[in-house]
1. Looking at region 37-59, is at least one residue closer than 27 Å to Leu164 by Cβ and modelled with pLDDT of 80 or more?
2. Tell me which residues, restricted to region 42-61, are under 28 Å from Thr201 (Cβ atoms) and in contact (Cβ under 8 Å) with a residue 60 or more places away in the chain.
3. Of all residues being assigned to a helix (DSSP H, G or I) and polar (S, T, N, Q) in region 80-101, which is surrounded by the fewest Cβ atoms within 10 Å (Cβ to Cβ)? Just the residue, please.
4. Would you point out which residue out of Thr151, Thr144 is farther than 21 Å from Val87 by Cα, crowded, with 19+ Cβ neighbours inside 10 Å and either touching a Cys at 6+ places or on another chain (Cβ under 6 Å) or modelled with pLDDT under 85 (or both)?
5. Do we have Arg2 as among the basic types (Lys, Arg), modelled with pLDDT of 75 or more and loosely packed, with under 14 Cβ neighbours inside 10 Å here?
6. Has region 16-30 got any residue that is in a helix (DSSP H, G or I), surrounded by 13 or more Cβ atoms within 10 Å (Cβ to Cβ) and either over 16 Å from the mean Cα position of the chain (by Cα) or modelled with pLDDT under 75 (or both)?
7. Take region 176-198 and flag every residue that is under 14 Å from Leu90 (Cβ atoms) and part of a loop (DSSP other than H, G, I, E, B).
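The values are calculated or read from the model by the stated rules, or taken from the named source; none is laboratory data. As the structure is a computational prediction, the values presented were derived from the model and not from experiment. Neighbour counts run over all protein chains shown; Cβ positions are idealised from the backbone, glycine included.
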Amino acid sequence: MRPFSGPEDLALAPFPERQREEVRRQLQEVAQVRLEDERERWGVFSFYLRTFAKDQREILSAIWGLRPWRMPLFLGRLTAAAAVSIVYFLLTSDVWALGAHLSWRAAIAMAILSIVAATAFIFSGQDLGRLGREYAWREQLARTRLVLLGTLALGMIALWLGLLLISLWGAWALPRAVLVEWIGLVPTPDHLLRYAVFAATVGVLGAALGGNLEEEQEIKAELFIDEEA
């Protein structure tokens with residue numbers, strides 16, 4: 001840019017190559033070609049994977065912005081179902097006998113599966129995937145579904161950790177003589193931790209059942225964010 005000095009300055013002149021490249025780059029950013037415009041047929045997995053890979057920072061930022069660890073606190077029936085499960089398991093000898101003798105491999109596998117199952121159960125049970133008038137191949141809708149799934153999953157993980165701590169506290173509070181009678185040996189910290197992992201795992205599944213009893217408006221008010229649709 002320079003000050004205008006006369007009519008000759010109005011003559012057209014080509015952009016330098018560097019400026020043309022910059023214009024092309026900015027036009028590509030502004031265009032924001034959506035995945036559904038690239039081709040008509042997609043597989044479910046590939047479409048959602050491409051959506052996440054294309055905008056993973058924004059998706060993760062949106063999930064974090066929803067503060068998913070707070071979600072269980074605002075869903076009363078979900079939290080109540082989890083609390084009832086934990087209290088029942090704490091006072092049931094059969095649960096203690098099973099949980100304290102589980103292998104670590106089985107306990108960890110069950111914990112992971114329970115979180116995945118609870119997330120999928122609430123997502124499908126509350127019909128959170130239906131965002132528009134139809135299930136369409138649209139990148140923005142896929143992005144929002146990924147945010148919802150991620151928020152639910154982290155919420156279930158946070159709930160599992162909370163139930164684990166409560167179960168551990170309850171396990172330490174029970175008289176050792178009672179635990180010896182229930183599990184058939186003197187409990188060690190390892191036994192107590194295995195039991196707590198098992199109790200938290202089943203508690204998350206109970207919470208998922210309670211989550212599907214929540215009013216649709218309440219759970220969507222906690223999960224939905226303003227998105228371009």
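1. No, because not a single residue in region 37-59 is closer than 27 Å to Leu164 by Cβ and modelled with pLDDT of 80 or more.
2. Tyr48, Phe52, Ile59, Leu60 - these are the residues of region 42-61 that are under 28 Å from Thr201 (Cβ atoms) and in contact (Cβ under 8 Å) with a residue 60 or more places away in the chain.
3. Ser93
4. Working: Thr151 fails: either touching a Cys at 6+ places or on another chain (Cβ under 6 Å) or modelled with pLDDT under 85 (or both).
Sole residue among the options that is farther than 21 Å from Val87 by Cα, crowded, with 19+ Cβ neighbours inside 10 Å and either touching a Cys at 6+ places or on another chain (Cβ under 6 Å) or modelled with pLDDT under 85 (or both): Thr144.
5. No.
6. Quick first cut of region 16-30, residues in a helix (DSSP H, G or I) only: 17-30.
Applying the additional criterion that residues be surrounded by 13 or more Cβ atoms within 10 Å (Cβ to Cβ) yields none.
No, region 16-30 contains no residue that is in a helix (DSSP H, G or I), surrounded by 13 or more Cβ atoms within 10 Å (Cβ to Cβ) and either over 16 Å from the mean Cα position of the chain (by Cα) or modelled with pLDDT under 75 (or both).
7. Selection gives Pro187 alone.
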